[in-house]
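All remarks here apply to the structure that follows.
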Amino acid sequence: MNVWQPALALLVVAGIALSGCAKEPETEAPVATHSQNTSLSAALDNADGLQTVAEALKQTGLKASFAGPASYTLLAPDDEAFARLGDKGKELTRSDDFSALTTLLEAHIIRGYVTPKSLAEAIAASPDHAVRMRTVGGTVLIFARGDGTITVSSSNGIQGVINGEAITGGRSIAIPIDAVLSRAGERAVPTSSSVAQSLGL
C-alpha cells in the first residue's frame, strides 16, 4: 500500500503536467483562511462550527503541537459530527482523563501541511484516484473524489467529506470534515515511534 507523503506534493503535482494522459477534474477546493500571526488552536477559537474540536485540543494539550515549528494538518470534525456521537462523545469531552480523546484526535492529524487543493491534485494524479495518508496515531486515511467534493475514509469504515473552508494558523492547517473518523477507545496498531515523539510532546 502506497502512503502519500505531504513533502512529495510538488512531485505528485508535477506528475500531472508531465503525464499528459489525464485531465485534472474541475473541483473547486475550499480556499484557506489565513491567520499567520496566531496558532492554529487560537484560530479555531473563532471558527464557527468547530468549537468542540477547538476545546478538545486544549483539554488534551495537543494545542501546543500546533504552536511549534513543525507543520501538521488537522482533519477537524465539525460540532455536528461530535454531537452525533451522543453520550460517548459527551464522556470524551467531560472526562477527567482525556487519554481517549487524545487518541481520537491523533487519528485526525497528519504530519505536514496539506491543503484541499493539493489533495485534489494528488487524487487526480493517482492511478486508482485515491490518496492514502498515515495519521500520527498510526491509522491510514483514504482520500478520494465524490459528488464534487473530497471524501475521507478510515480503515474502520467511517467516511466523511470535506465540508468547509480550511483554516490556517502558524505553520499548520485545519480542514473541516463532517464526521469523526475514529470510534471512542479505538487504537491503531502500535508503531515503532510513539505518537508523543512524532508530535514533539
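The values are calculated or read from the model by the stated rules, or taken from the named source; none is laboratory data. These numbers come from a predicted model, not from an experiment. Neighbour counts run over all protein chains shown; Cβ positions are idealised from the backbone, glycine included.
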Does region 155-169 include one or more residues that are at pLDDT below 60 and assigned to a loop (DSSP other than H, G, I, E, B)?
no
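Go through region 135-144 and report how many residues are surrounded by fewer than 20 Cβ atoms within 10 Å (Cβ to Cβ) and either closer than 16 Å to PRO176 by Cα or within 12 Å of the chain's Cα centre (by Cα) (or both).
Residues flagged as surrounded by fewer than 20 Cβ atoms within 10 Å (Cβ to Cβ) and either closer than 16 Å to PRO176 by Cα or within 12 Å of the chain's Cα centre (by Cα) (or both) within region 135-144 amount to 3.
Checking the condition small (Gly, Ala, Ser) and free of Cβ contacts under 8 Å to residues at least 24 places away in the same chain, which residue from SER118, SER154, SER95 passes?
Working: SER118 fails: free of Cβ contacts under 8 Å to residues at least 24 places away in the same chain; SER154 fails: free of Cβ contacts under 8 Å to residues at least 24 places away in the same chain.
The unique qualifying residue is SER95.
For residues in region 179-201 being of a type in the set (Val, Ile, Thr) and at pLDDT below 55, which is surrounded by the most Cβ atoms within 10 Å (Cβ to Cβ)? Give the steps one after another, and end with the answer.
As a first pass, look at region 179-201 and keep what is of a type in the set (Val, Ile, Thr): 180, 189, 191, 195.
In the following step, the residues that additionally are at pLDDT below 55 were identified as 189, 191, 195.
Values: VAL189: 7, THR191: 12, VAL195: 20.
Checking each candidate, the answer is VAL195.
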Given (1) surrounded by 17 or more Cβ atoms within 10 Å (Cβ to Cβ); (2) at pLDDT below 95; (3) not aliphatic (A, V, I, L, M), PRO176 misses just (2)
Q.
Against the definition (surrounded by 22 or more Cβ atoms within 10 Å (Cβ to Cβ), in contact with a helix residue (DSSP H, G or I) (Cβ under 8 Å, 6 or more places away or on another chain) and not acidic (Asp, Glu)), how does ALA107 come out, yes or no?
A. no
Screening SER65, SER71 for residues that are within 17 Å of SER39 (Cα to Cα), polar (S, T, N, Q) and touching a strand residue (DSSP E or B) at 6+ places or on another chain (Cβ under 6 Å) leaves only SER71
Flagged in region 50-78 as over 14 Å from SER172 (Cβ atoms), surrounded by 15 or more Cβ atoms within 10 Å (Cβ to Cβ) and small (Gly, Ala, Ser), in numbering order, are ALA56
Only unsatisfied item for THR168, checking (1) closer than 28 Å to PRO69 by Cα; (2) surrounded by fewer than 18 Cβ atoms within 10 Å (Cβ to Cβ); (3) under 13 Å from the mean Cα position of the chain (by Cα), is (2)
